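Only one structure is covered here, and it is reproduced in the block below.
The values are calculated or read from the model by the stated rules, or taken from the named source; none is laboratory data. None of these values were measured; they are calculated from a predicted model. Positions of Cβ are backbone-derived with ideal geometry, glycine not excepted, and every protein chain shown enters the neighbour counts. Remember, those area values only see protein heavy atoms, side chains included, never the ligands or the DNA or RNA. Shrake-Rupley method; radii C 1.70, N 1.55, O 1.52, S 1.80 Å.
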Amino acid sequence: MNQSMDKKDANADANQKYYDIIVSELTAGTDKNTIIAKLTEKGMSSADADFTYNQVLSELKEIQKREELDSQSIVKGIVGGILAAAVGGIIWGAIATWTNYEIGYLAIGIGFLCGAGVVYISGGKKGRILQVIATLTSLLGILTGKYIIYFYALKKELIKQSGAQAADSISILSVKIVTIFIEVLPKMVTPYDALWVILAITTAWRFPQGSGIKLPGTQL
């Protein structure tokens, strides 16, 4: 039984090795004949090398087809990113307001939501454009959360200084309040904030990352 399992594991490792070789060579733009020659050097027969090459190429073409972008999927990606940014920003801002503590690492969750939202709403598409969209919308989500935190902190201060009636007179959608927030934002940002922002946009960037495979006769 153990020998049978070991043999299966060895075959799986060998297949993965051949798969990696084909993908690596395709990425480098190597032609079919050269790739097959390299596989035969690794111990495969010419027939098996040809079969494996065609099988892997077919799989990669399917991946590329699923990831291929068009104008509609880009628009959907933007919508998905904005919705995720709004949800993530509101949740982060609400938690910070409720607990009186700004949990910085939740910003990474916003990056994850934006990356996932872009991919999901676009129909599973991936690529550099969607990476940019995910990154920008993650920043939008973080700004949304920051603004909510700022707004309710401002309301609390107004209650202390001028009473509840004065605090109730300001709106979260006030252009004036938004303008003031933009002006004071640089003073609100700490080194820890910068760290969480970097981690958030890194997370958002990676989620819609395409395969990056260069297939013969195609472009990514």
Pairing the Cα long axis of helix 32-41 with the longest principal axis of the chain, what angle in degrees results, from 0 to 90 and rounded to the nearest 10? 70 degrees
Taking just the alpha carbons, could you work out the radius of gyration and Dmax for region 35-167, both in angstroms? 24.0, 84
Provide the per residue accessible area, probe 1.4 Å, for the chain, rounded to a whole number of square angstrom. 61 Å²
Using the basic label-point model (7 angstrom from Cα toward the beta carbon), what is the E183 to R128 distance in nanometres? 4.0 nm
Ignoring ligands, DNA and RNA, what percent of the 1.4 Å accessible area of the chain is carbon and sulfur? 61 percent
Give me the one-decimal nm value for the distance between modelled label points at S169 and I90, 7 Å along each residue's Cα-to-Cβ direction. 2.8 nm
Based on the Cβ-Cβ distance of E59 and D193, what FRET efficiency does E = 1/(1 + (r/R0)^6) give at R0 = 45 Å, to the nearest 0.05? 0.60
Net charge of Cβ neighbours under 11 Å - reference K146; Lys, Arg +1; Asp, Glu -1: -2
Net charge near V132: determine it from the other residues with C-beta under 14 Å of the C-beta of V132, scoring Lys and Arg +1 and Asp and Glu -1. +4
What angle do you read, to the nearest 10 degrees and between 0 and 90, between the alpha-carbon axis of helix 2-27 and the longest principal axis of the chain? 80 degrees
Computed, not fitted: 222 nm per-residue ellipticity of the chain from DSSP H runs ≥ 4 (each -39500 (n - 2.57)), nearest 500, equal to -27000 deg cm²/dmol
Largest-first principal axis extents, alpha carbons of region 141-205, Å: 43, 21, 17
Probe 1.4 Å, all protein chains in place: accessible area of I129 in Å², nearest 10? 80 Å²
